[in-house]
Amino acid sequence: MTVPGPTDSVEAIARARAGDSEAWGDLYRVYAPAIFRFCRRALPTREDAEDATTEVFMKVRDKLHQYDATRPFTSWLYKVAANHCWDLLRRRKIRQDKETEDLDTLPLEHPDANQLEQLIEQRTSEEVRKALDKLPSRARMALVLRYYSDMSYDEIADELGVRRAFVGVVLLRARHELRQALEGSGALAAGGAG
Amino acid sequence: MSSPPGTNLQGKNRQHLDEMTILLYLEGQLERAKAMDVSAHTQECGSCRVLLRALERESRLLTRAMLEEDEPLPARLANFQQAVKRSMQWIWMVTFGLAATGVYALYTSYIEPVQSRLQDAGFGGTNLLGLLIFQGAFWKGWQSMVSLVEILALVIIGGSALLLFRRWFRRGALAALLVVGMCGALMMPSNAAALETRKGETIEITKSETIKGDLLLTGHRIVIDGTVDGDVYAFGQDIEVNGHITGDLLTGAQSVRVPGQIDGNIRAFVNNLTIPGTVGRNVMTWSQTMTLDGKGSIGRSLLTFCQTLGIEGKVGGDVTAFDQTLRLTGTVSGGVDAKGEMLTITKTAEVTGPVKFEGESQPRVEDGAKLHAGNIEFTKHSEKDRSENRRSYLLHRLLWTSSFILYGLVLIWLMPKFAVDTVTSAENIGASLGLGVLAGISLPFAGVLICFTFVGIPLGVLGVILWLVMIFSAQIVFGGLIGRWILGRTEDVWGRVGRMALGMAIIGVTVPILHEIPMVEFLFKLVIMAWGFGAIALTMYKRIARSSGAVVLPPMVA
């Protein structure tokens, strides 16, 4: 899986780092749509996403000297965006998901695969996006980091402040919650062994 | 570390895998052995295979749903960069407008009057370009000190022009153009070829000797009894001109005595200057004591910055004096414009033009003194003057700071990397200050003496120019450092400009406060100069060492 977004423009990045405002403008034009989408997925409202996009680019501009040119620029960009969005959510204290819940309590189940297939078959991208909007912040953020930004489990653990070993649990729980939102019932999430 | 739930296979192949295990397998998070077990299981177990496929499709659906551009970039975000750029252009225009006004006001309020005063005194007629193009060794005129501001203005105007035309040039080409242009100006034909140098404990140009061309003399005691058909540059302890110099005398010494004849001008940085002889044109001097003996004469004007000035002889033109004490017993064919504590005009004195005196107390005029233009125009320094002076000083500081900010802006734009490196070097306080004191003092000496003597005037002048540019830039470096201390580091050009401007503003506020305490302002400025100068020198040294592959020495002081 590759990181979504445009191919890194090494020259433009180097010039932007050297203070070239036109190169910076180029970077903005190229990467702003992807970062806006990221913020749109991670944050509850469109207005939040718009504000966050501009703030992320302000931060990127300030922190550009910290960017390690040996690593993909897009990954770094998403990391800055993820940090910003997660900080925003934390500051607002709107993380309604069960953060204090013991992750070990997730039951080891084998859901009805056919029912799950059917659900996936029937749902459109738009419905998935709407369902995502209904998810608690951490579940949504976890899914966005993994399936939009293509972050590794280590990066997600670092970002969300959970132990690396429990990233899978966070992701699976997020999927269950998404299925609940899509289905409108907990049938699939708590599907019995087949 | 405890194991995460769900990573264990539930029994052997006969039992179904839990969803967590399949997800971790799908995402490549299982260890190799476990992954192989899962792979083998899904080959045999249809239900687990379907679940694996369903989870995989779910992942794809998630990614697709999130990546699809259902919402285009909002217009306000699309225009954000343009808006920023537009506002930046607006800021540029305002900044340049203000700074240009500042430079112009600075020039017209402070520089031009001084220049016109110099011109009145017979030292005018040349400007920076004229000096560069037509005279080459322009530094031989003291007014080059005044021209520093012209250089500053020139750099700013040049930088602004380059900014305007930056679409047509790349930055490197611009810098090269500047350097080439500057070198070209400096390499213009000069009279360097005719320069003869002499040095030693005692130098004597004997009576029978005639030297054609310019002469550079450095020694403890210098005596010119013969004739020099050209200019003389003399640096020593005691200098005496008994003979004849057809050109100018430019001198720095403890004591200079001119009983002989100089057809041109005298420009002197000396402790005591005594002229019992004849000077054909003008005299300009910074000295403790200057005396024009009774037999002495100056063909044109006299401009002095002295503690004590005595005019017993004859001055053909105007006298402009910034002296503590002026005693006039001789003849002045022009006017007298004096500022200081005391002016005494004795009964033997004669002044053709008007006499103006600005000072603490009334001038003393003895009966019998001939003042052809009537009474002395006296202006007493009062409290009001002082408050006006204070206002004028603050305005001067404001304009000066604005000019520096603009100058710094141009420098940061032209040399962004060097600007950052220099401020970083400045963070190394000990090394910067140490090197600043060392290089700040030694470079001009080296430039004037070594380069001038052995290498040639163009390189010597280039060295002095470099020194002057560094001195001017030192304050900007210090401003940048203060800004960085307060706001932290940034790679953004505007961030750097903002930090530099903040630092300069702080310096601009601090200096007038320190101005109230004697010597403290001077020391503060000195430290800033040395610090910034050292940082520039350190950065240049590192660059040279890096490009030449030499080992960069650790800072002198930690």
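The values are calculated or read from the model by the stated rules, or taken from the named source; none is laboratory data. All figures in this text were calculated on a predicted structure; none of them were measured in a lab. In this analysis, Cβ positions are derived from the backbone assuming ideal geometry, glycine residues included, and neighbour counts consider all displayed protein chains. Note: areas computed on protein heavy atoms with side chains; ligands, DNA, RNA excluded. Shrake-Rupley method; radii C 1.70, N 1.55, O 1.52, S 1.80 Å.
One residue stands out among those in the stretch A:31-45 that are touching a Leu at 6+ places or on another chain (Cβ under 8 Å) and among the charged types (D, E, K, R): the one that is farthest from A:Leu178 (Cα to Cα), which is A:Arg37.
Take B:Phe235 and decide whether it is within 26 Å of B:Leu328 (Cβ to Cβ) and open to solvent by 10 Å² or more (accessible area, probe 1.4 Å). Break it down into steps so the answer makes sense when it comes.
Values: within 26 Å of B:Leu328 (Cβ to Cβ): no; open to solvent by 10 Å² or more (accessible area, probe 1.4 Å): yes.
The answer is no for B:Phe235.
When the residues of the stretch B:263-299 are filtered to those that are of a type outside the set (A, V, I, L, M, F, W, C), open to solvent by less than 10 Å² (accessible area, probe 1.4 Å) and over 23 Å from B:Gly219 (Cβ atoms), the one that is modelled with the highest pLDDT is B:Gly296. Just one of the listed residues (B:Met88, B:Met20) is within 14 Å of another protein chain (Cβ to nearest Cβ) and at pLDDT 85 or above, and it is B:Met20.
Go through the residues of the stretch A:142-152 one by one and say whether even a single one is free of Cβ contacts under 8 Å to residues at least 12 places away in the same chain, within 20 Å of B:Leu30 (Cβ to Cβ), surrounded by 22 or more Cβ atoms within 10 Å (Cβ to Cβ) and within 11 Å of chain B (Cβ to nearest Cβ). Yes, there is a match, as at least one residue in the stretch A:142-152 is free of Cβ contacts under 8 Å to residues at least 12 places away in the same chain, within 20 Å of B:Leu30 (Cβ to Cβ), surrounded by 22 or more Cβ atoms within 10 Å (Cβ to Cβ) and within 11 Å of chain B (Cβ to nearest Cβ). Looking across the stretch A:161-174, the residues that are crowded, with 22+ Cβ neighbours inside 10 Å and without any contact (Cβ under 8 Å) to a residue 40 or more places away in the chain come down to A:Val167, A:Gly168, A:Leu171, A:Ala174. Please specify each residue of the stretch A:52-86 satisfying the condition of being open to solvent by 20 Å² or more (accessible area, probe 1.4 Å), in a helix (DSSP H, G or I) and either of a type in the set (A, V, I, L, M, F, W, C) or within 14 Å of another protein chain (Cβ to nearest Cβ) (or both). Scanning the stretch A:52-86 gives A:Thr54, A:Glu55, A:Met58, A:Lys59, A:Arg61, A:Asp62, A:Lys63, A:His65, A:Gln66, A:Trp76. Looking only at the stretch B:358-371, which residues are assigned to a loop (DSSP other than H, G, I, E, B) and surrounded by 12 or more Cβ atoms within 10 Å (Cβ to Cβ)? Result: B:Ser361, B:Gln362, B:Pro363, B:Glu366, B:Ala369. When you look at B:Gly436, is it within 20 Å of the chain's Cα centre (by Cα) and not aliphatic (A, V, I, L, M), yes or no? When the stated conditions are applied, B:Gly436 passes them.
Would you confirm whether or not the stretch B:337-348 contains a residue that is β-branched (Val, Ile, Thr) and closer than 30 Å to B:Asp225 by Cβ?
No: the stretch B:337-348 contains no residue that is β-branched (Val, Ile, Thr) and closer than 30 Å to B:Asp225 by Cβ.
It is to be established whether one or more residues within the stretch A:33-43 are part of a loop (DSSP other than H, G, I, E, B), surrounded by 19 or more Cβ atoms within 10 Å (Cβ to Cβ) and away from chain B (no Cβ under 12 Å). Within the stretch A:33-43 (the criterion being part of a loop (DSSP other than H, G, I, E, B), surrounded by 19 or more Cβ atoms within 10 Å (Cβ to Cβ) and away from chain B (no Cβ under 12 Å)), the answer is yes, since at least one residue qualifies.
In the stretch B:300-357, which residue that is assigned to a strand (DSSP E or B) and among the polar types (S, T, N, Q) is most open to solvent (accessible area, probe 1.4 Å)?
Keep residues of the stretch B:300-357 that are assigned to a strand (DSSP E or B), which gives B:302-311, B:314-315, B:319-322, B:325-328, B:331-332, B:336-340, B:342-345, B:350-351, B:355-357.
Filter once more, so that each one left must be among the polar types (S, T, N, Q): B:304, B:307-308, B:320, B:325, B:331, B:344.
Working: B:Thr304: 0, B:Gln307: 79, B:Thr308: 56, B:Thr320: 8, B:Thr325: 46, B:Thr331: 45, B:Thr344: 7 Å².
Once the filter is applied, the top-ranked residue is B:Gln307.
On the given criteria, is B:Asp248 of a type in the set (D, E, K, R) and open to solvent by less than 40 Å² (accessible area, probe 1.4 Å)? Taking the combined requirement at face value, the residue satisfies it. Scanning the stretch A:87-128 for residues that are within 14 Å of chain B (Cβ to nearest Cβ), at pLDDT 80 or above and buried (at least 18 other Cβ atoms within 10 Å of the Cβ), we see that the one that is nearest to A:Asp48 (Cα to Cα) is A:Val128.
Per-residue answers, yes or no, for (1) among the small types (Gly, Ala, Ser); (2) in contact with a Lys or Arg (Cβ under 9 Å, 6 or more places away or on another chain); (3) crowded, with 19+ Cβ neighbours inside 10 Å:
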{"site": "B:Thr202", "(1), (2), (3)": "no, yes, no"}
{"site": "B:Ile205", "(1), (2), (3)": "no, yes, yes"}
{"site": "B:Arg221", "(1), (2), (3)": "no, no, no"}
{"site": "B:Gln261", "(1), (2), (3)": "no, no, no"}
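Is at least one residue of the stretch A:19-30 touching a Leu at 6+ places or on another chain (Cβ under 8 Å), facing chain B (nearest Cβ under 10 Å) and at pLDDT below 85? Full working, then the answer.
First, pick out the residues of the stretch A:19-30 that are touching a Leu at 6+ places or on another chain (Cβ under 8 Å): none.
No.
Among the conditions (1) part of a helix (DSSP H, G or I); (2) open to solvent by 10 Å² or more (accessible area, probe 1.4 Å); (3) closer than 26 Å to A:Thr74 by Cα; (4) at the interface with chain B (Cβ under 9 Å from one of its Cβ atoms), A:Asp158 misses just one, which is (4).
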